[in-house]
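Novice: Below is the structure I would like to discuss, written out as structure tokens.
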Ligand code: NAD
Ligand code: GLY
């Protein structure tokens, strides 16, 4: 088993990664302080993995709340249903909430944990690749508002993250690729050796090879843990984790949520961010081509959707929550793969060239 510490003083915790983690031992139980647990999941994930989690929790009382499946249910209404169920079943502040599922379950259950009776202990058991390498680590919890994604939320760290890579065996191929986008992102933004490793292993990763998956998940969690340890509340360095995301959010908004998976939009968004970096002389053409090739090998789109025009993309980007008073800001490559920084003063004429080229590439 691999263990990674997220170093946040009193809020520090471990990420445990291994194949078959949920089938062996009672690691989850060891983290429960009170006598009661409230598992939040959905029907799809529960059908596969709830029994294993129940086995892990023998010795405490377990209640289960199944929320509907899908990004469109990451809402205040779902949160209210979870809180209502917690109250109806008489849970108090010593109950631990366990999120069993992908990022939608994790973000929603995490926000329920942050707010129920002003905060109860929380454990993440992520079951998608995206949630294992990104959303379960770092304590961002949120639900969506109809006017914006993740607009209602809190920074609230879990007590532990338990990643059983066996859960990926049932994950659809498209969802696996979406997770690979965030893995590639971590390499580009912080670690060229990790990028090389993913480039080498991309075929095995798509075949769900156990060793390749564990190395990739471990590397991503290390990168994310170190960024979060430096800047938990995104006042600086954590914003680098948004490489490709300004473009991705514009694609998601333009298409309507649910058409493209978030990871797919991040794939195309990273290609655009790399293209913009090359046009501004911040990386070589070779680097931007390598990123595009890896995104493609991961089974992700390398261009935005034809349905969203350059002008529409520009308008959506201007509204993105990452826009600041000074104007649009982008995470761009700073010299080569593995180094990024935040750039405020991108000329709109160059941005237009990237968007036009990116959208024209459509495949
Ligand atoms: P998801 O939670 O919707 O899961 C994708 C699909 O896979 C769902 O239908 C789910 O039921 C199914 N599924 C989950 N595990 C499975 C398994 N093991 N086998 C078969 N099917 C399985 O999507 P996601 O990509 O995990 O998460 C996306 C969400 O994560 C978005 O809401 C995004 O905003 C959020 N996110 C949050 C952060 C953060 O830091 N908190 C970071 C990145 C993304
Ligand atoms: N996924 C971006 C972050 O956690 O900050």
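The values are calculated or read from the model by the stated rules, or taken from the named source; none is laboratory data. All values reported here derive from a predicted model rather than from experimental measurement. Heads up, the Cβs are rebuilt from the backbone with ideal geometry, glycines too, and the neighbour counts pull from every protein chain shown.
Novice: Please enumerate the residues belonging to region 276-302 that are outside any helix (DSSP H, G or I), surrounded by 20 or more Cβ atoms within 10 Å (Cβ to Cβ) and touching a strand residue (DSSP E or B) at 6+ places or on another chain (Cβ under 9 Å).
Specialist: Within region 276-302, 282, 283 qualify.
Novice: While we're on this one: With the checklist (1) surrounded by fewer than 23 Cβ atoms within 10 Å (Cβ to Cβ); (2) in contact (Cβ under 8 Å) with a residue 40 or more places away in the chain in hand, flag the one item residue 243 doesn't pass.
Specialist: So the condition that residue 243 fails would be (1).
Novice: Scan (1) over 24 Å from residue 254 (Cα atoms); (2) in contact (Cβ under 8 Å) with a residue 60 or more places away in the chain; (3) buried (at least 24 other Cβ atoms within 10 Å of the Cβ) for the single condition residue 94 breaks and write down its number.
Specialist: The failed condition is (3).
Novice: Taking region 249-268 as the search range and keeping residues that are within 12 Å of ligand 2 (Cβ to nearest atom) and modelled with pLDDT of 95 or more, which one is nearest to residue 104 (Cα to Cα)?
Specialist: 263
Novice: Still on this structure: Quick check on region 304-321. Is at least one of its residues out of contact with any helix residue (DSSP H, G or I) (no Cβ under 8 Å at 6 or more places or on another chain), under 25 Å from residue 338 (Cβ atoms) and either free of Cβ contacts under 8 Å to residues at least 24 places away in the same chain or not in a helix (DSSP H, G or I) (or both)?
Specialist: Looking for residues that are out of contact with any helix residue (DSSP H, G or I) (no Cβ under 8 Å at 6 or more places or on another chain), under 25 Å from residue 338 (Cβ atoms) and either free of Cβ contacts under 8 Å to residues at least 24 places away in the same chain or not in a helix (DSSP H, G or I) (or both), one finds none in region 304-321, hence no.
Novice: Quick one: in region 214-225, which of the residues that are touching a residue at least 60 places away in the same chain (Cβ under 8 Å) and out of contact with any strand residue (DSSP E or B) (no Cβ under 7 Å at 6 or more places or on another chain) is nearest to ligand 1 (Cβ to nearest atom)?
Specialist: Checking each candidate, the answer is 224.
Per-residue answers, yes or no, for (1) at pLDDT 95 or above; (2) surrounded by fewer than 24 Cβ atoms within 10 Å (Cβ to Cβ); (3) within 16 Å of ligand 2 (Cβ to nearest atom):
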| site | (1), (2), (3) |
| --- | --- |
| 127 | yes, no, no |
| 141 | yes, no, yes |
| 162 | yes, no, no |
| 187 | yes, no, yes |
| 211 | yes, yes, no |
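Novice: For residue 76, which of the numbered conditions (1) within 16 Å of ligand 1 (Cβ to nearest atom); (2) under 17 Å from residue 99 (Cβ atoms) fails to hold?
Specialist: Condition (2) is where residue 76 drops out.
Here is a yes/no grid of residues against (1) within 23 Å of residue 159 (Cβ to Cβ); (2) surrounded by 18 or more Cβ atoms within 10 Å (Cβ to Cβ); (3) out of contact with any helix residue (DSSP H, G or I) (no Cβ under 9 Å at 6 or more places or on another chain):
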position	(1), (2), (3)
53	yes, yes, no
56	yes, yes, no
61	yes, no, yes
67	yes, yes, no
71	no, no, no
74	yes, yes, no
82	yes, yes, no
87	yes, no, no
103	yes, yes, no
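Novice: Would you say residue 281 is more than 21 Å from residue 130 (Cα to Cα), within 16 Å of ligand 2 (Cβ to nearest atom) and out of contact with any helix residue (DSSP H, G or I) (no Cβ under 7 Å at 6 or more places or on another chain)?
Specialist: no
Novice: Which of the residues spanning region 304-343 are at pLDDT 90 or above and over 16 Å from residue 248 (Cα atoms)?
Specialist: Result: 333, 334, 335, 336, 337, 338, 339, 340, 341, 342, 343.
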